[in-house]
Structure formats: C-alpha cells, structure tokens
Amino acid sequence: MFIKGKSYVRREIHERYGGQQQVGISTPANHPIILLFTGQQGQQYGYRDGWTKEGVFLFFGEGRRGNMAFKRGNKALRDHIQDGKDVYLFEYIDTGIVRYVDQMLTIGYELRAAQDFENNLRTAIVFQLVSLEGFKLNSDDYDEFAIIFEDLSMSELRSRAVEAFEHPRPPRESSRTAIFRSAAVRSYVLRRADGVCEACGRSAPFITTSGRPYLELHYLRRPSDGGPDHPEWVAGLCPNCHRQAHYGQNCVLYNKNLRDSIVKKEGDLWSRT
C-alpha cells in the first residue's frame, strides 16, 4: 500500500483513502486503516512524539485543549487490533509532504501530565507503538512466551519480570525484547493476582477463551522508556477498578492506596524467601 521511506503528498493520500486531513489520527470511513501523522509542528500543541531506545514509538493522542479522552481517533488507535484496522505512520518532512515510516501496532498507552495548546496542564494519552516489520508480532507471540513462563515457579517468574525491568536488551533486539519484557511482567502480575482484582478483591468478571480469568494491567506510574515497569508498580485489576484508577474523582488517593497495597503484597510474598 505504502513504500517505506517514500514521500507522499498528504492531500493525495486522503483523496485516495479518505479520512480527516487536519488531524494527527485520521480514520478513513471506507477503509480498515488508521493514518498517523507526526512532526515537529505538533510541539506547539504539547505533542512530543519520538522513539525510545527500546524501539517503541511514543505517539501523543489527539485533543488540543483539556484532558485527552478515548473517543474518535484515540479510541480507534487504542482498539485497532480488535477492530481489524491497520495503522500506518507518516512523518512530516515539509509543508504538506510526509514520509512513510512503517506499519505500526499499539502495544499499550500511558496517561501523562502535559501542557495543552494554551499551556494549561492536562492529562495526555501517549500511545506505545512498535513497527510491525521489525516486531513480527502476531497473535501467537504472547502465547509463545506465556507457555515458557507457565513452566516457571512463582519466584522464577518474578525474577524474569524484575530482570526485564533492570536489564533491557540492546536496541537491535528491541522488537522481540519489547514483547518479551511486556509478557514477563504481565505473566507475573496476573499469576500474583490469581484471578482476583488487586483493588476490590473480587474475582475476575469472566473467563477468556484461553481459559484464564480476565484482568487488566494498570501501571501505577509511567512505564520506563516505553517499556514495562517493575512489578511492584503494576497491578492486575478488573475493568471497573481500572477505569476508576484512571478517571475516578479521587484517583490520586486511589492509586496511592493501591500502590501501598501492592508493595505490602509483594513484601508478604517474598519476605519469607
């Protein structure tokens, strides 16, 4: 569809595929694609996109004023895998001219304090993207690592999760390493939760098609360099508690109490070893 490294006139892209022409996240109505546009001009709106040393591209969501929300383009980008939409990233090299970077995948997001168009502090959504070509991610990758981790004891699994945080791999291994690191922390936190929300203490709301209790990972601080954080800063939550952690009226206190609870839980688990 697009040639990596080739320059395109943005207007001509939209003439062919449709989609909004004045936004960073364009969602054509008649094609199962999402077009992302990044460039230095976004800095005037508080956007500072860019690559991390781990090969993850941090992409600010849309919304010039006030807190960003998961609607329109932000929702589409977050849900693109389950919605069956491909994501294509372009970077501006001149006025109206963009260079195609690569096809991307959303592997997560974080909520970060940032300034908006009027220099007011707000909550921004920062998506974590990886290159499809370099990543070679498919639906079996997490399962592949999950199978490896299932054979580990709880202490061995925790060691893998902590190692992933403390000893990142070289950049040339970033694509494979990113999924490994994420999978290590994810597997450990979900095993630690043992099918029970680590906030409200209720059982997971349902069992997935893979036979596992459904819980979501919540990062209690910004993931380091776009990668997973130490397991003491990650909680396994039911969807309701996860939303409350982000959008609840007392979310600051809620997250502090949750952090204290996770630290205590980690201490109780490993102080005896």
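Data table
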{"quantity": "Debye-sum result for region 7-135 in log10 I(q)/I(0), which assumes one identical scatterer on each alpha carbon, at q = 0.10, 0.15 Å⁻¹", "calculated": "-0.29, -0.67"}
{"quantity": "Potential extension, residue 48-residue 269 segment - 0.36 nm per residue separation minus Cα distance", "calculated": "75.6 nm"}
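Bear in mind these aren't lab numbers, they're just calculated from the coordinates by the rules spelled out. None of the values given here were measured: they were computed from a predicted structure.
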